[in-house]
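Visitor: Structure in structure tokens, see below.
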Amino acid sequence: MKPKVAFFSFTSCEGCQLMFLNLEDELLDLLGLVEIVKFREAMKEVLADEYDIAFIEGSITTHSDIERVKEIRKRTKILIAFGACATIGGINAIKNFQPLEDVRKYVYGEDWEKIDTVPTMSVGEVVDVDYDIHGCPVSKSEILDVVTSLALGKKPRQPDYPVCVECKLAENVCVYDKGLVCLGPVTRAGCGAICPTYGNKCIGCRGLISDPNVNAEKDLLAERGLTVDDILKEFRMFDGLSEVAK
Ligand code: SF4
Ligand code: SF4
Ligand code: SF4
């Protein structure tokens, strides 16, 4: 029996689900390992209402979201938070830096009180999450790794070292040398340092590594007269729910 896989979308742009569909060369092989039973972006049918693996894309931002994700948790053996909106709140968490009433009035106008909304939460703040797939959007290679590992009954590898490691392996010129402030020293790797590879700074879409304060990469910042705290402030873009961004 192949594991039954379902996809669910909450507050998001649905770009992470699109990344799954963009696995053009590997999709047929993946479908040999798992059975997709619910995936609104790709199929009309709903083939099961109990799942082995549920991918949850998007942040939790309404009371009905809370009830819905709790119900999915009851129906799935493994729950995966899929993409930055789900794993760390992502861009949706920016609204938490304003009074909720002001945000509701600004977005919904005179009908603001009729619209259900709560401060943005990651999926893990509401239900137990078994695995995170980070990024905005998620990387295709990480989707492949996680799905293949779980289908084979193995634990997926989850990088917990900084983007700088991948950046140095790619032999990139450090963007600090161009005067940019890059979040690579404290951001979780797994994207292949794609932004610095194309000459841009890392803006932290994969969230913080577990212990950024003791990371040796702070030497890189010290050389440029910066501290870890200087760059942690920049984490509000994607990681606004984390303590360091508050
Ligand atoms: S993490 Fe980014 S790409 Fe994925 S759903 Fe959220 S906003 Fe879209
Ligand atoms: S600071 Fe940024 S550009 Fe420099 S090595 Fe680290 S990830 Fe690469
Ligand atoms: S380099 Fe940084 S911003 Fe770019 S994809 Fe990787 S983690 Fe995200």
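The values are calculated or read from the model by the stated rules, or taken from the named source; none is laboratory data. Since the model is a prediction, treat every value here as computed from it, not as a measurement. Glycine also receives a Cβ, built like all others from the backbone with ideal geometry; neighbour counts cover every protein chain displayed. Just the protein is used for accessible areas: all its heavy atoms, side chains included, with ligands, DNA and RNA removed. Shrake-Rupley method; radii C 1.70, N 1.55, O 1.52, S 1.80 Å.
Visitor: Classify the range 68-173 as rounded, prolate or oblate, taking a ≥ b ≥ c as the square roots of the eigenvalues of its Cα gyration tensor: rounded when a/c is under 1.5, otherwise prolate if a/b is larger than b/c and oblate if not.
Guide: Numbers: a/c = 3.42, a/b = 1.53, b/c = 2.24.
Oblate.
Visitor: OK, next. Compare the peptides 113-124, 43-54 by average per-residue count of other Cβ atoms within 10 angstrom and give them in order, highest first.
Guide: On the way: 113-124: 16.7, 43-54: 14.5.
The packing order, highest mean first, is 113-124, 43-54.
Visitor: Which percent of the accessible heavy-atom area of the range 11-88 goes to carbon and sulfur, probe 1.4 angstrom? Provide the component values of the computation, followed by the final result.
Guide: Values: 2030 of 3800 Å².
Result for the range 11-88: 54 percent of the exposed heavy-atom area is carbon or sulfur.
Visitor: Something else: Report, to the nearest whole %, how much of the accessible area of the range 140-243 belongs to carbon and sulfur atoms, 1.4 Å probe, protein only. List each step's numbers first, then the result.
Guide: On the way: 2900 of 5390 Å².
Within the range 140-243, the accessible surface is 54 percent carbon and sulfur.
Visitor: While we're looking at this one, here's another question. By the gyration tensor of its Cα atoms, with a ≥ b ≥ c the square roots of the eigenvalues, what is the shape of the range 1-142: rounded for a/c under 1.5, prolate for a/b over b/c, or oblate? Present the calculation step by step, with values, prior to reporting the outcome.
Guide: Details: a/c = 2.16, a/b = 1.84, b/c = 1.17.
Prolate, because a/c is 1.5 or more and a/b exceeds b/c.
Visitor: For LYS233, go through the lysines and keep the ones whose alpha-carbon is under 18 Å away, minus same-chain ones fewer than eight residues off.
Guide: Those lysines meeting the cut-off are LYS95, LYS201, LYS218, LYS246.
Visitor: Taking a ≥ b ≥ c as the square roots of the eigenvalues of the Cα gyration tensor of the range 115-246, is the shape rounded (a/c under 1.5), prolate (a/b larger than b/c) or oblate? Before the final figure, lay out each step's value.
Guide: Values: a/c = 1.99, a/b = 1.28, b/c = 1.55.
Oblate shape, in that a/c is at least 1.5 and b/c is the bigger or equal ratio.
Visitor: Helix-only mean residue ellipticity at 222 nm, the chain, DSSP H runs n ≥ 4 weighted -39,500 (n - 2.57), per residue, nearest 500. What is it?
Guide: Values: 11 runs with 78 residues, N = 246.
That comes out to -8000 deg cm²/dmol.
Visitor: I'd like to compare 3-10, 78-85: which one has the highest average count of other Cβ atoms within 10 Å, and what's the full order after that?
Guide: Numbers: 3-10: 22.2, 78-85: 27.1.
Sorting 3-10, 78-85 by mean packing, highest first, produces 78-85, 3-10.
Visitor: Hey, another quick one. Just for the chain, what percent of DSSP beta bridges are antiparallel, to the closest 5? Can you show the working numbers first?
Guide: Details: 5 of 22 bridges.
If I count the DSSP bridges inside the chain, around 25 percent turn out antiparallel.
Visitor: Right, here's the next one. In square nanometres, what is one fourth of the surface area of the convex hull spanned by the alpha carbons of the chain?
Guide: Details: hull surface 59.0 nm².
Reported value for the Cα convex hull: 14.7 nm².
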